[in-house]
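The values are calculated or read from the model by the stated rules, or taken from the named source; none is laboratory data. All values derive from a computational prediction rather than experimental measurement. Backbone-built Cβ (ideal geometry, glycine too); neighbour counts: all protein chains shown. For the accessible areas, the whole protein counts, side chains as well, though only heavy atoms, and no ligand, DNA or RNA atoms are used. Shrake-Rupley method; radii C 1.70, N 1.55, O 1.52, S 1.80 Å.
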Amino acid sequence: MKQKSGNFTIIVLVLLTIVIWLVFPPKNPGNENIMRAYVGEILGSILIVLMSCSLFLSTRPKWAEPFFGGLDKMYITHRRTSTSAFLLMFVHVLTVPISTTNLRLGNYLAMVAFLGILAIVLPTVAPRIPFLSKLTNSTYEGWKKLHRFIGIFFITGFIHSLTIKGLDAFIAINWVQIFFIIGTASYLYTEVFGRFLRKYVPYTVEAVNHPNNSTTEVVMRAKKDSIQKQRAGQFLFVRFPQDKILNESHPFTISSAPREDVLRVTIKASGDFTRHLFSHLQAGMDAIIEGAYGMFDYKTGGKKQIWVAGGIGVTPFLSFIRDMDRNLSHDVDFYYTVRHREEAIFLDEIESAAKKNPRLKVHIRFSSADGSLTVDEIVQNAGGDPSTRSHRPDDFSGGQALSGHHIYMCGPLPMVQAFEKKFIEAQVPAENIHYEEFNFR
Ligand SMILES: Cc1cc2nc3c(=O)[nH]c(=O)nc-3n(C[C@H](O)[C@H](O)[C@H](O)COP(=O)(O)OP(=O)(O)OC[C@H]3O[C@@H](n4cnc5c(N)ncnc54)[C@H](O)[C@@H]3O)c2cc1C
């Protein structure tokens, strides 16, 4: 419940905004457009509250992680609040009455804010829209640079709101101004002051290993103090300032155990940064680390657990396995699925950990040879009978074998989403399903 309270607070703030506008309506008798202006301002106010929350979340407030379930989940909320604000922006523009003959400064500022946000948000949503994705081929870094300007248009929108005349709603307008201030301060923190206030810890790359022909294991040692105490399964942001391409901060799970005196990250070559890292990163280079973040922690789950790793999603589980001593206090079935045998990394280490820990059972799947892993198989292995499922989606009596299990997943998003749905059908309570989100965009 606590992990959902952040999202709940945002919903409450939106509802409160509506209530404030309804309880303290504008006092403009005789104005013929008052109703449209009133509705338009309510919509505009909600969009400002949502954008402000979104800007606040991008400051990466570590203290807020427990209220969202980790920084990776905060980025999902960031994405949802910005998308909702973006959609509301259109409705706001269509609703407020605009005089085409008597345009004022406020109207021009509104246009600048609208077009600026549109230009920034379209490349974000384009990859998810089949037609647009073919037209846009922007990299994540390109998108991120563009994304940095969003606050400028938020501030333009703020100035636009100050120019609003003819709407006498002192309390509601002042309530919204609070969010403008929070949003603006958050933006300035993210883009200007944060670099002076955040803790960036210098490390040295001690070794660079290649467990297969597309993966790099980077071993890093602190130059002086190491990052604050971390838990197994957390992630960090790292950049390597001596190389122009590698000087961009990227998130990676810490695959070493917290008690090790070095930090290890294991990185799959998948795009510009990670491919360049595979061929150019060398021992002796500097690394700058921020973190650790995240709340993907098996120790907080129940006694019976199922871990599912797809491809490079094995990294948090490597950290779990390296962290556990011989007396594992949970019964774990660990499913590690990759397409081909060559893709599976640290297999010997995982299997030898299973030999030492009788409560850890490892199931390796090479999907090109043995077919894809399914939730039905997992249910069967846990003692359930998937064939007893009726046509009613809520009736999966065979899956009751899993109702007390906690599920931990990390892997390709479509796999994680499909498995989550199936596990819920198999009567696993939604709050028992935990996953690490590898995609921030
Ligand atoms: C919490 C978390 C933990 C991760 N752990 C691992 C790990 O242990 N091993 C691993 O190989 N990969 C991990 N990733 C994924 C890794 O961050 C991306 O694969 C990598 O940043 C891709 O960068 P690229 O330039 O090579 O690829 P691109 O093709 O440019 O990017 C591919 C996708 O990666 C994401 N991405 C790229 N750059 C960034 C960035 N600076 N910040 C946030 N997201 C970005 C975006 O969603 C983008 O669409 C993790 C991601 C997250 C969010």
Q. With contacts defined as alpha carbon pairs under 8 Å and 6 or more residues apart, what's the relative contact order of the chain in percent?
A. 13
Q) Considering only protein heavy atoms, what per residue accessible area in square angstrom results for the chain with a 1.4 angstrom probe? A) 50
Q | Interatomic Cα distance distribution for the chain, bins of 20 angstrom, percent | A | 22, 49, 25, 4, 0
(Q) For the chain, give me the percentage of DSSP beta bridges that are antiparallel, rounded to the nearest 5 percent. (A) 55
Q: Could you state the angle between the C-alpha long axis of helix 5-23 and the longest principal axis of the C-alpha atoms of the chain, as a value from 0 to 90 degrees rounded to the nearest 10?
A: 10
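Report the relative contact order of region 220-323, percent, no decimals, based on alpha-carbon pairs under 8 angstrom and at least 6 residues apart. Don't skip to the end; give the middle numbers.
Working: 163 pairs, mean separation 39.9, N = 104.
Computed over region 220-323, the figure is 38 percent.
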Q.
If you count only protein heavy atoms and use a 1.4 Å probe, how large is the accessible surface of Y108, to the nearest 10 Å²?
A. 120
Q. Taking a probe of 1.4 angstrom, what is the accessible area of E206 in Å², to the nearest 10?
A. 90
**Q.** In degrees, nearest ten, helix 105-125 long axis to first principal axis of the chain (Cα)
**A.** 20
Q. Roughly speaking, to the nearest percent, how much of the chain's 1.4 Å accessible area is carbon and sulfur?
A. 60
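Please tell me which of these pairs span more than 30 angstrom C-alpha to C-alpha: K73/K199; K62/K361; K268/K356; K199/K361?
Distance filter (> 30 Å) returns K62/K361; K199/K361.
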Q. If W307, W63, W175, W143 are ordered by their accessible area, calculated over protein heavy atoms with a 1.4 Å probe, which sequence runs from highest to lowest?
A. W63, W175, W143, W307
(Q) To test your reading of the geometry: what angle, between 0 and 90 degrees and rounded to tens, separates the Cα axis of helix 413-425 from the longest principal axis of the chain? (A) 80
Q: Would you kindly give the portion of the calculated P(r) for region 134-275 that falls above 20 Å, as a percent of all Cα pairs?
A: 63
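Cβ under 13 Å from V192's Cβ, V192 left aside: what net charge do those residues give with Lys, Arg +1 and Asp, Glu -1? Before the final figure, lay out each step's value.
Working: positive: R148, R195, R198; negative: E191.
Counting the neighbours of V192, the net charge comes to +2.
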Q) Protein chains only, probe 1.4 Å: how do V23, V362 rank by accessible area, largest first? A) V23, V362
Q.
Please compute, for the alpha-carbon atoms of region 264-374, the extent along each of the three principal axes and give them in descending order in Å.
A. 41, 35, 23
Q. What figure in square angstrom, to the nearest 10, would you give for the accessible area of K27 with a 1.4 Å probe?
A. 140
